[in-house]
Amino acid sequence: MVPLRWWLSWLVLALGSRTQKLPTRDEELFQMQIRDKAFFHGSPVIPDGAEISSYLFRDTPKRYFFMVEEDNTPLSVTVTPCDTPLEWKLSLQELPEEASGEGSGEPEPLDQQRQQVTSATGAELFSYKGNDVESFLSSSSPSGLYLLELLSTEKDTHFKVYATTTPESDRPYPELPYDPRVDVTALGRTTVTLAWKPSPSASLLRQPTHYCVVINREHNFKSLCAVEAKLSLDDAFMAAPKPGLDFSPFDFAHFGFPPGSPGAERGPLTEPPPRPGRPAPSRPRADVRKVCIGNKNVFTVSDLKPDTQYYFDVFVASSHSNLSTAYVGTFARTKREAEQKTAELKDGRVTDVFVKRKGAQVLRFAPVSSHQKVTFFVHSCLGAVQVQVRRDGKLVLSQHVEGIRQFLLRGKPKAKYLVRLKGNKKGASVLKVLASTRPGKHAFPSLPEDTRIKAFDRLRTCSSATVAWLGTQDRNKFCIYKKEVDDSYSEDQKKREQNQCLGPDTRKRSEKVLCKFFHSQNLQKAVTTETITGLQPGRAYLLDVYVVGHGGHSVKYQSKVVKTRRFC
């Protein structure tokens, strides 16, 4: 009779290789020398105290074996489904009585051993179906060969298995506190603050651990394995097995995939080729974020969307073994965006609007009388803006505006308009907006493409300066103002003076030089000059030109600083 350990080793090979030919005598002797668990790491035997990762094809069962060499041994088997529910059961294989004793004679012939192996039966100890991380625990198990059978009926999937005969206190999975819930302590429009009680493995046992937070918009996860499987869908379809996973020709040959079969050529998460005439399936995206934060047990999640429900999971992982345990996850909906106040636009009246940096303002225009056309005048006095106009909820205009723009839209009986002004990232914006069903009467003054003021250096004296600016074909009123500034007048001060919405009414009377009307049908000749007198030698002056339209609305040209000569 052969020793029990040899019987267990041979039974593993025989039960796992019913489709193979019987081993030769030399192979048999080699297999009987299997003693340490490192040998079984790449075989269907689960090594004691090490978590293995493997893969299941749909509707194709897989078997693993685990040996307990002594009676009254504690036993724990944990199965972690990754991305789909699993069916699994654990049974104890009962050997024929003749195989359990020690014999002093020659080993039995291989044919007789084979007959005894195939006649071995099993007693089912535990079974489970679902996607939870589930364990079989026994404080006193008999010696023998344990068989773990797994099956996925939904799709190809990853899973993990951990088995050990060490006492419960020595298991490497981090422990959860008495209250394993994740709490939401603060809620904002784009942020959620989470808190949880520390793991006793870190706080009491002083074992090195770290926490990982997972955020997604679909559901809570029950294991980090499930998170990693979801993330892998977004990274790529894996055309080949990941290093370290339990894939080898031994698996395909022993578990239903003989050489050359379609299943043996198929890799994990690969899709069958599309049928002729059909597009290839699009790659699914996993909207999942995973952040590992060390040993902190408070974390604020940022960059979320307002008024959106999110699911939050926390996992504590051992820094040594990298095995993890899931807290009880939670979910929360971020707060809504603050409702924007809507200002009313009056027909033919100018409305001043201030838009914060990256902010927005909404204006409403509801003409009282019937109309065929509506004109919107938008004057971006300081900074550019994005202008959107919706008529009865339908987007009819979207434009980037800098300076003065006029938009003519077809009217519609009893139509209502919403104007949305969105600021830029550089700074705040100041605007004047006018909506009118009679645009010819309330138009803003027309402007040339170039609104700069030109100063002539050769005509500069100790008491005067000569400047010029462009006009248009429309007859408008131009007013020029001057203000003395010191030599330290900076570009920042100059930018503050560039608010084109500030009209002549904001200036002192003493700063006014003159006002005059000017236009020309020939745009090439639409230029005027003016000599400003009464200046002091060696002084700097800020010059501004305002053009005033028929409705009294004014627009300021770009400011110009000139300096008189010190000696003449």
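Cβ under 9 Å from ASP307's Cβ, ASP307 left aside: what net charge do those residues give with Lys, Arg +1 and Asp, Glu -1? Spell out each step's value before the answer.
Working: positive: ARG189, LYS305, ARG333, LYS335, ARG336; negative: GLU337.
Charge balance near ASP307 sits at +4.
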> How much net charge surrounds ARG410 when only the other residues with a Cβ under 13 Å from the Cβ of ARG410 are counted, with Lys and Arg +1 and Asp and Glu -1?
Replying inline: +3
> Any idea how far the Cα center of the stretch 319-391 sits from the one of the stretch 160-227, in Å?
Replying inline: 40 Å
>> If you take every residue apart from ARG566 with its C-beta less than 13 Å away from the C-beta of ARG566, what net charge results, scoring Lys and Arg +1 and Asp and Glu -1?
In response: +3
> Which pairs in the list LYS62/LYS290; LYS454/LYS483; LYS197/LYS222; LYS477/LYS560; LYS525/LYS560 are over 25 Å apart, alpha-carbon to alpha-carbon?
Replying inline: LYS62/LYS290
> Once phi is turned into θ = phi - 60°, what whole-Hz ³J(HN,Hα) does the Karplus curve with 6.51, -1.76 and 1.60 give for every residue of the stretch 388-400, x standing for Gly and Pro?
Replying inline: 10, 10, 10, 10, 6, x, 9, 5, 10, 7, 8, 9, 8
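Listed highest first by mean packing, meaning other Cβ atoms within 10 Å per residue, what order do 448-459, 356-367 come in? Intermediate values should be presented prior to the final figure.
Working: 448-459: 12.9, 356-367: 15.8.
Listed from highest to lowest mean packing, they are 356-367, 448-459.
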>> Using amide H atoms built in the peptide plane, which far-off residues or other-chain residues are under 5 Å from ARG189 H to H?
In response: LYS335
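For Cα pairs less than 8 Å apart in space and 6+ apart in sequence, what is the mean separation divided by the residue count of the stretch 342-436, i.e. the relative contact order in percent?
Working: 254 pairs, mean separation 44.2, N = 95.
Once normalised by length, the contact order is 47 percent.
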>> Give me the three principal axis extents of the stretch 454-563 from the C-alpha atoms, as integers in angstrom, largest value leading.
In response: 39, 29, 24
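Starting from the coordinates of the alpha-carbon atoms of the stretch 342-436, obtain the Kirkwood hydrodynamic radius over all distinct pairs and give the value in Å to one decimal.
On the way: mean 1/r = 0.0759 Å⁻¹.
Across the stretch 342-436, the inverse of the average 1/r is 13.2 Å.
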>> Treating only the Cβ of Lys, Arg, Asp and Glu as charged (+1, +1, -1, -1), what charge dipole size does the stretch 307-459 show about its Cα centre? Round to the nearest 20 debye.
In response: 640 debye
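All of the numbers you see were taken from the coordinates with simple rules; none came from a lab. Please read these numbers as outputs of a predicted model, since none were measured by experiment. Glycine also receives a Cβ, built like all others from the backbone with ideal geometry; neighbour counts cover every protein chain displayed.
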